[in-house]
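What follows is a set of notes on a single structure, which appears directly below.
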Amino acid sequence: MKHIFRIVFCTCVFGIGFGQVHAQEDDIFNYGDKKTYEIGGVTIQGSETRDRNAIKSITGLKEGSKIQIPGTDIPTAIKSLLRLRLFDDVQVLIDKIEGDIVFLRLVLVERPILTRWSYKGIKTSQHEDLNDILKNILTKGGIVTDDQKDLAKAKIREFYIGKGNLDVKVDVAEVPEESKIASVRLVFEIYPNERIKVEDIVFEGNEAFSARKLRKKMSKIKRKGTFLRKSKFIDKEYQEDLTSLTKFYQNEGYKNMTIVHDTVYRQKDGNVKIEIKIEEGNRHFFRDIKWKGNSLYTDEYLYTVLGISKGDLYNPELLQNRLKFSLDGRDISSLYLDDGYLAFEVTPVEIAIENDSVDIEMRIFEGPQFTIDNIVIKGNDRTNENVIRREIRTRPGQKFSRSDIIRSQREIINLGYFNPESLGIENPVNQNRGTVSIEYQLEEKPSDQLELSAGYGGFSGLIGTLGVVFNNFSIANIKDRSTWSPLPQGDGQKLSLRLQSNSRYFKSYNFSFTEPWLGGKKPRSFTVGAFHTAFDYTLSGSGKLGITRGYVGLGSQLKWPDDYFSSSTTLNIEQINLDKFISGGFPVSVGKFNNFSITQNITRSSVSDPLYPRGGSRVSLSLQITPPYSLFRKDNTFVPTDAQREEIIRDLRFENGPARPVTDADINAKIEELKEANRFKWLEYHKWKITSEWYFNLFDKFVVATSAKMGIMGSFNSDIGISPFERFQVGGDGINNQNVGLQGREIISMRGYDVSDIAGNGITNSLGNSPGAPLYNKFTVEMRYPLSLNPNSTIYVTSWLQGGNAYESFKKYNPFDLKRSAGFGARVFLPMFGLLGFDYGWGFDKTLTGSNSYGKFNIVLGFEPE
C-alpha cells in the first residue's frame, strides 16, 4: 500500500510571511510517533529554471542522510527555500516508504521573472527619468515581489510630487509574457493630474520689509501669475525658501529673526495657500572685533583686510565671505592659505550681545606651513603630461597656495582638452613631513573638429566645404602610430586645414599651424599660416578676384601688470588681384594691391571654460599697421606713357569680343580707373580695434554676458584717403556663404540686420556687398542658460539686446546713433563639428522696403562671429 504523507508548514509559525504546505496521514503514521528514516531519493517537481542540485543543497535533504518524521528537518528545509523569496509555494510529499527508507518529492511554485516594464499615461520624455529610478529597485531577469512593486509605486509618486503633481496616482499591473514561461512584465499606469499651484503667500509680523520683497526672496516657490515663472508647490523647495528667508533677515541685521509658524493648506480649487508668521526681533550691528591666536599678522592688518568696521550692519554671510573665501580675494584665509598654512582655521565667536550690538572674537589657528611634495596628474589618456604641467602654477618645493591651485584649474580648462565638469583636485597631506601632494584628476574629451557641408547658392551653384581642426596635434609623435587618432596627438599643437569650393566660381584653401610653447620652456606661441581665395565671375561679366596671404605670428604671456595679460605680434603679407571685379562693392575694380602689415595685440583674459564662460572678463586692444608708403613713394599718380596709352586703346577695342570703336571718353575713364588702382597699389592704413567682454554668473548656471566693441581705420595721407580694403562691413550673421571674410574686408555680425540695412557700410550692390566703413561700434547684453554642459554636446539658449552701427567718416560718428535689435537663439558645440547655432533677431530701426521685414534668421557655423 502506498502511503502519502504531506507535511504542513504554516509560515505564521516560522515568520516567513508566505507559503503553505498541506499534510495528511493514514493509519500507519501519526504525529505522536517519531521515526528515523534514511532518504532514498529526492525528486523535484516544478522550478524548471532553477538548478536542482542547488535546491537540494539548500534544503539539506540529500540521498543517504537521516531525517525524523515528524520532526524539524522538513520544516527547516521548507523555511530555507521560502527565505530565498523565489517561490510562492513549497510542498514536501512522501512518494513511498520501503522499510526505513523514504522517498521525497519537492513541489515548487516559482515566482514569476521580470522581463521588462513600461508606462502608460505620461510623456515619452519622462520614461528615461523613471527608468533611472526603477533600475535600482527592479531587476530584469529577477523575481517580482509585492514589496518591490509597492516601493516602485512610492518612488514614482515621489518623483511626480517633487515636480508639483501632489495628486499623482500610480497603479501597477502584472502582465504574463506569452512567449516566456513564468515571466511577467510590469505596466505602470500613471495619472500625474495637474500641478498644484500656489494661490497666495501671506506674511504676518513683517514690519521691516514688505510682503512683496519677502516673496521675491523666496526664489523657488512663486505665486500664480508671476512673470516668467511657473507656479507649483514642491515641499523640498518650500523648505529651502524658508531657509533663504531666514538668511535674508539675518544678513540684514535681524540675527534673532524666527519663523514662528507656517501653514500650507489646500483650497477648494485644489491649489495651496501659504501663511507665514514672522518674529523679526531687533536689528543688530557689529561693535568690537578682537583677534586671538594670530602671530603672523597684526590685529590692525587683519582688521583692514576684513573690511568690517564698528557700527556696520550685522551680516553673518559677509563675515564668512571675508573670513573664508571672497571672489575678489579679499579674505583672511587667503593670507594664510596662499602662504602655505594649509591647516589654517578661523572661528568667529560671539562673546557679547548688548542691546543691538554684537562683539566678535576671531579665534585663529595658524598651524604649520606646508610645502608641495608631488604633483600627480591622472586621466590624461591622450594628452602628454608635460602639456599639462607647463600650464599649472603649482610646483614641487613651493609653498602651498590656494590661489595657485585655482589658477591652475582655470588654465587646464582653457586648454579645451578636458571635461570641466569632472575636473577634480585632491590635496593629501603628510602631517609628519609637513608636505602636501596635489592630484589633478582629469577626464579627456574630444577636441578635434570636422566641418563637412554643402549648400546651394542659386546663381553660384553647389558650394562644398571640407575642414578639419586638430586641437591637440603632435609633430613629435608622427612616428608613434599608437598616438594617431586619426593623426598624432598629445602635444597641444593646433593644425587646421580647410577647403571650400564651387568648381565654377569659387575656391578657397586655408592652412594654419600653432605651437603654443615654442622651445618648450616658456608660454611663447608660434603660428604660421596661409590662404588663397579666388572668385571667377567672368561668365556673368563681373570679373575676377584673387587674394593670397601668408602670415607668421609670435605670442607670449606677460607677467606685468599681471599674468592674465598676453601679447601677440603677427606679420601679414597679402596680395589682392582685381580683374574687372565689380561684384565686391569695392571703390576699385582692377589692379594689384599689396598689403604688408604688422598686427600687435594686447589681451587680458580671466575667462575660464571658453565654451560656456561663467565669470571673468576679456579685454583686448589691437593695432594693425602698414608702412606709410606715401611719405617716400613717388609714383602715387598714374600718368600713362604713349605706349601705355596704345595698350589701353587696344584692350578697350577687344574688351568684349570683336573689335569696336573706342572713344576719348572710354580712354579717359580707363585712365581714371588705373589712376585709382595705382593710388592704392601699396595699401597704407592704421587699424585699431578695442574689445571688452564681461561675464556674470547671477544664479545657478544663468550667465549675463556683456560686450562692447569698436573698430577705427585711419590713413596716413589725406590725399590718398582710406584704404578700399580691410574696412568693416556691419550686418548679417558674420559669415557670407562663400567668402567667410576673405573678400578683403572684416565682417562684423549685427543680428536682425542685413548689410544693406546699415547705411554706414556704403552703397550696397545687387549681390549684397558694400565698400564697408572705416568706423563701427557695437554693444551687446546677452542672457545665457545651459541645457547641457556635457563635453560631448554643450548646449545653451540665449536672448539678447544689441545696438551697433557703421559710420562713413569720423565726422559722422555718433555713439548714440545705434541700430537696435533684440532676439533669441541657441548654441550647440559638438567636438567633431565645432559650433552650430541660430539666432532670430528683430531690427527695430530698419527701413522697410519691398519684402523686407523686421525679423531676420541667422545661422552660426564653426565659430562665434565678431
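For segment 787-806, a residue qualifies if it is of a type outside the set (V, I, T), surrounded by 19 or more Cβ atoms within 10 Å (Cβ to Cβ) and either in a strand (DSSP E or B) or over 10 Å from the mean Cα position of the chain (by Cα) (or both), and the qualifying residues are Y796, W800, Q802, G803, G804, N805, A806. Please specify each residue of segment 133-165 satisfying the condition of being open to solvent by 50 Å² or more (accessible area, probe 1.4 Å) and outside any helix (DSSP H, G or I). Once the filter is applied, which keeps residues that are open to solvent by 50 Å² or more (accessible area, probe 1.4 Å) and outside any helix (DSSP H, G or I), segment 133-165 yields K135, N136, T139, K140, G141, K163.
When segment 177-199 is filtered for residues that are assigned to a strand (DSSP E or B), closer than 30 Å to S47 by Cβ and either open to solvent by 80 Å² or more (accessible area, probe 1.4 Å) or not hydroxyl-bearing (S, T, Y) (or both), the ones remaining, listed by number, are V184, R185, L186, V187, F188.
Looking only at segment 415-431, decide whether some residue is part of a strand (DSSP E or B), of a type outside the set (D, E) and open to solvent by less than 40 Å² (accessible area, probe 1.4 Å). Yes, the conditions are met somewhere in segment 415-431.
Residue-wise test of (1) at pLDDT 90 or above; (2) assigned to a strand (DSSP E or B); (3) within 32 Å of the chain's Cα centre (by Cα).
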residue: S508; (1), (2), (3): no, yes, no
residue: F513; (1), (2), (3): yes, yes, yes
residue: G520; (1), (2), (3): no, no, yes
residue: S525; (1), (2), (3): yes, yes, yes
residue: A534; (1), (2), (3): no, yes, no
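Taking the listed residues I156, I181, the one that is aliphatic (A, V, I, L, M) and touching a Leu at 6+ places or on another chain (Cβ under 9 Å) is I156, with no other qualifying.
For T263, the criteria (1) farther than 24 Å from Y314 by Cα; (2) in contact with a strand residue (DSSP E or B) (Cβ under 6 Å, 6 or more places away or on another chain); (3) open to solvent by less than 20 Å² (accessible area, probe 1.4 Å); (4) at pLDDT 90 or above hold in every case but one, which is (3). For segment 363-374, residues that are open to solvent by less than 30 Å² (accessible area, probe 1.4 Å), in a loop (DSSP other than H, G, I, E, B) and in contact (Cβ under 8 Å) with a residue 40 or more places away in the chain total 2. Applying the set (1) open to solvent by 30 Å² or more (accessible area, probe 1.4 Å); (2) within 26 Å of F370 (Cα to Cα); (3) not polar (S, T, N, Q) to G340 leaves exactly one unmet item: (1).
Please specify each residue of segment 485-498 satisfying the condition of being open to solvent by 70 Å² or more (accessible area, probe 1.4 Å) and either among the small types (G, A, S) or not in a loop (DSSP other than H, G, I, E, B) (or both). Answer for segment 485-498, where residues must be open to solvent by 70 Å² or more (accessible area, probe 1.4 Å) and either among the small types (G, A, S) or not in a loop (DSSP other than H, G, I, E, B) (or both): K494, L497. When the criteria are applied in full, I372 meets the requirement of being at pLDDT 90 or above and in contact with a Pro (Cβ under 9 Å, 6 or more places away or on another chain). Among all positions in segment 693-712, there is no residue which is in contact with a Phe, Trp or Tyr (Cβ under 6 Å, 6 or more places away or on another chain) and in a helix (DSSP H, G or I). Whenever a residue of segment 753-764 is modelled with pLDDT under 80, its partners that are open to solvent by less than 50 Å² (accessible area, probe 1.4 Å) and assigned to a helix (DSSP H, G or I), lying with C-beta atoms within less than 7 angstrom and at least six residues away or across chains, give the pairs N761/V755; T764/V755. Among the residues of segment 299-318, is any farther than 30 Å from Q369 by Cα, of a type in the set (D, E, K, R) and not in a loop (DSSP other than H, G, I, E, B)? Within segment 299-318, not a single residue is farther than 30 Å from Q369 by Cα, of a type in the set (D, E, K, R) and not in a loop (DSSP other than H, G, I, E, B). Just one residue in the set K236, K163, K169, K197 is in contact (Cβ under 8 Å) with a residue 12 or more places away in the chain and in contact with a Ser or Thr (Cβ under 7 Å, 6 or more places away or on another chain); that residue is K197. Comparison of I377, I308, I332 shows that the only residue that is open to solvent by less than 70 Å² (accessible area, probe 1.4 Å) and either over 26 Å from I438 (Cα atoms) or not aliphatic (A, V, I, L, M) (or both) is I308.
Take segment 200-242 and flag every residue that is assigned to a strand (DSSP E or B), at pLDDT 90 or above and either surrounded by 15 or more Cβ atoms within 10 Å (Cβ to Cβ) or within 29 Å of the chain's Cα centre (by Cα) (or both).
I201, F203
Go through the residues of segment 650-672 one by one and say whether even a single one is within 58 Å of the chain's Cα centre (by Cα), under 30 Å from L775 (Cβ atoms), surrounded by 15 or more Cβ atoms within 10 Å (Cβ to Cβ) and at pLDDT below 85. No: zero hits.
Just name the residue that is surrounded by the most Cβ atoms within 10 Å (Cβ to Cβ) out of those in segment 86-132 that are among the small types (G, A, S) and assigned to a loop (DSSP other than H, G, I, E, B). If you could, list the steps in order and put the result at the bottom.
Of all residues in segment 86-132, those among the small types (G, A, S) come to 99, 118, 121, 125.
Adding the requirement that they be assigned to a loop (DSSP other than H, G, I, E, B) leaves 99, 121.
Working: G99: 8, G121: 12.
My answer is G121.
Checking segment 243-264 against the condition returns no match, with no residue being outside any loop (DSSP other than H, G, I, E, B), hydrophobic (A, V, I, L, M, F, W, C), touching a helix residue (DSSP H, G or I) at 6+ places or on another chain (Cβ under 9 Å) and closer than 26 Å to V436 by Cα. Pairs meeting the criteria (first residue in segment 833-859 and acidic (D, E), second residue at pLDDT below 80, beta carbons under 9 Å, at least 6 apart or on different chains) are D839/D733; D839/N858; D839/I859; D839/V860.
The values are calculated or read from the model by the stated rules, or taken from the named source; none is laboratory data. From a predicted model like this one, the values you see are computed outputs, not experimental measurements. FYI the Cβ positions are ideal-geometry reconstructions off the backbone, even for glycines, and counts take in every protein chain you see. Surface areas here come from the heavy atoms of the whole protein model, side chains and all, with no ligands, DNA or RNA. Shrake-Rupley method; radii C 1.70, N 1.55, O 1.52, S 1.80 Å.
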